[in-house]
Amino acid sequence: MIRKFLESLRKFIEEICCVAHERGIPFPKRPWRKYRAEVENGRLDIRFVETDWKPDLSAFSERTVGLNTEESRVFGDLIEIIERSEKLSRVFLTDNAGNPLPKELDKRQIKYWVLSRLLPIIRLYFSEVGSFDFSSRVFSRVCDRLEREIEQFPRCERILLCPLVGVHVAEGCCFQLEDDLRIRSLSQEEIEELFNECVPYYPGPNFSTVIEVRRIIEAFNAISFPLEDSRRIECLVTALRLLSGERVFVPFQVEKNLGVLKIPFEKASFMSLEQRIVPVPGRLYILNERDRAEVEEMYRCMSEFLLDSKSGKIDLDTKLKRRVALALRKYSECLDQTSHEWKLIASWTALEALFSPSDQSELSFRLALRAATFLGQKEVYQKLKNSYRIRCKIVHGRSSSEDEVKSAVTETEEVLSQVLRKILQEPESYTPDQLEEKLLQNLTAGCT
């Protein structure tokens with residue numbers, strides 16, 4: 001029955017071509033902006049090159065092509081074949097929830113519904129041909145894909161693309177972090193597609209890299225990717241922020257089916273305007289093959305901490321986990337701020353969450369001492385003492401020079417990033433209330 005369906009579909013597409021030629025209907029095209037993406041001096045530059053013309057797939061409808069299904073010589077046969085096949089009826093004669101179409105629909109309404117389900121297939125064919133001409137080679141290629149998908153239906157492959165601002169994966173490099181999750185660079189064609197289809201509605205910064213999630217889903221049971229995937233993406237973005245020290249973020253995401261059968265429909269979602277107008281990262285975090293182990297390790301640690309409550313590695317009690325979770329949030333807030341004063345305050349909120357003692361006396365001394373002891377770096381103590389002094393001046397309304405504040409922010413963010421990374425990678429070493437005792441033991445050992 002599927003073979004008869006494909007043969008009837010072939011005749012229908014041939015009929016569209018004939019009607020278009022007979023009525024002098026021009027092949028619908030739309031302007032397509034071409035871009036060139038380059039990384040220069042650590043910055044991503046995506047330049048407009050020229051305007052080209054591509055098939056306007058949205059124009060392929062009953063009205064614009066000029067073919068009325070009522071006058072079609074073969075469309076009725078196509079409907080009849082679909083109705084006689086249980087498998088084809090499941091694909092073309094069900095609503096988006098998988099339920100059979102209401103029995104009260106008349107023939108005209110059924111024809112309209114089937115045409116709406118066939119349009120993605122018709123659009124794919126004409127997008128590859130680029131004219132109102134019939135090509136057996138292109139049609140066979142489309143049919144091969146269509147036949148496989150009908151056999152697998154309602155299981156279909158769906159993809160979630162999340163552009164990453166502030167990260168660039170070097171050409172030929174791909175980071176497969178889980179079976180269905182990876183970071184990869186975009187091809188020239190993909191950049192053009194996203195910038196033509198999505199970016200005109202999104203006044204945001206450039207990007208050349210995406211987080212990609214692929215899933216085989218049941219078309220009628222899953223309209224969107226589950227919340228679990230959003231949380232995994234959040235883990236990855238936070239890991240990249242810790243590694244780069246920059247405001248890496250995802251400005252929008254696009255969900256779509258990879259197959260010929262577009263059920264359910266594609267969609268794009270955008271972040272709030274406030275998130276999109278914050279300045280882009282100061283420098284581009286370029287990932288090469290040598291960064292693979294570090295990225296994989298940090299993502300694994302972040303996932304174990306934020307997602308896997310039963311993980312054996314992140315073995316912290318509830319109180320300490322709350323401290324680290326707050327510090328991670330404040331670290332991200334710090335990167336998102338444009339004011340250096342607020343950056344410093346956010347950084348110190350994170351450090352206080354991690355190292356503040358139960359006894360609040362001599363707080364700045366003990367925070368700096370604990371952080372320096374935890375990292376095993378003497379110079380951290382003086383850096384944090386100076387940073388805390390500037391933080392107090394800001395909080396209490398006393399002025400500091402812009403260079404002084406900026407320098408304190410840079411040093412404090414760097415220390416905070418090192419601390420968080422060590423906690424995630426070596427959670428057994430994070431015992432804040434025992435750090436002074438550890439220091440005394442080291443001093444005692446040095447004197448004997």
Conditions (1) outside any helix (DSSP H, G or I); (2) at pLDDT 90 or above; (3) not aliphatic (A, V, I, L, M): number failed by E128:
(1)
Which of the strands (runs of 3 or more DSSP E) found entirely inside the stretch 149-198 contain at least 2 residues meeting this: touching a helix residue (DSSP H, G or I) at 6+ places or on another chain (Cβ under 6 Å)?
174-178
Give V254, V210, V280 a once-over and let me know the one that is outside any loop (DSSP other than H, G, I, E, B) and either crowded, with 20+ Cβ neighbours inside 10 Å or at pLDDT below 85 (or both).
V210
For the stretch 45-54, does any single residue satisfy the condition of being closer than 19 Å to Y125 by Cβ and modelled with pLDDT of 90 or more?
yes
Counting only residues that are more than 23 Å from the chain's Cα centre (by Cα) and of a type in the set (K, R), which one in the stretch 132-182 is nearest to V260 (Cα to Cα)?
R145
Which one is modelled with the lowest pLDDT among residues in the stretch 412-447 that are hydrophobic (A, V, I, L, M, F, W, C) and closer than 18 Å to A353 by Cα?
L435
Answer from F374, F365 - the residue that is surrounded by 14 or more Cβ atoms within 10 Å (Cβ to Cβ), part of a helix (DSSP H, G or I) and among the aromatic types (F, W, Y):
F374
From the list S127, S131, S135, S140, pick out the single residue that is farther than 30 Å from R292 by Cβ, of a type in the set (S, T, N, Q), free of Cβ contacts under 8 Å to residues at least 24 places away in the same chain and in contact with a helix residue (DSSP H, G or I) (Cβ under 9 Å, 6 or more places away or on another chain).
S135
Taking the stretch 1-58 on its own, how many of its residues are basic (K, R), free of Cβ contacts under 8 Å to residues at least 60 places away in the same chain and closer than 30 Å to L284 by Cα?
1
Which residues, counting only those in the stretch 81-109, are surrounded by fewer than 16 Cβ atoms within 10 Å (Cβ to Cβ) and in a loop (DSSP other than H, G, I, E, B)?
D95, N96, A97, G98, N99, L101, P102, K103, E104, L105, D106
Can you pull out the residues in the stretch 163-181 that are touching a Phe, Trp or Tyr at 6+ places or on another chain (Cβ under 6 Å) and more than 16 Å from A37 (Cα to Cα)?
L177
Positions within the stretch 403-433 being in a helix (DSSP H, G or I), surrounded by fewer than 22 Cβ atoms within 10 Å (Cβ to Cβ) and hydroxyl-bearing (S, T, Y), in sequence order:
S407, T410, S417, S429
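The values are calculated or read from the model by the stated rules, or taken from the named source; none is laboratory data. On a predicted model such as this, the values are computed, not experimentally measured, just so you know. FYI the Cβ positions are ideal-geometry reconstructions off the backbone, even for glycines, and counts take in every protein chain you see.
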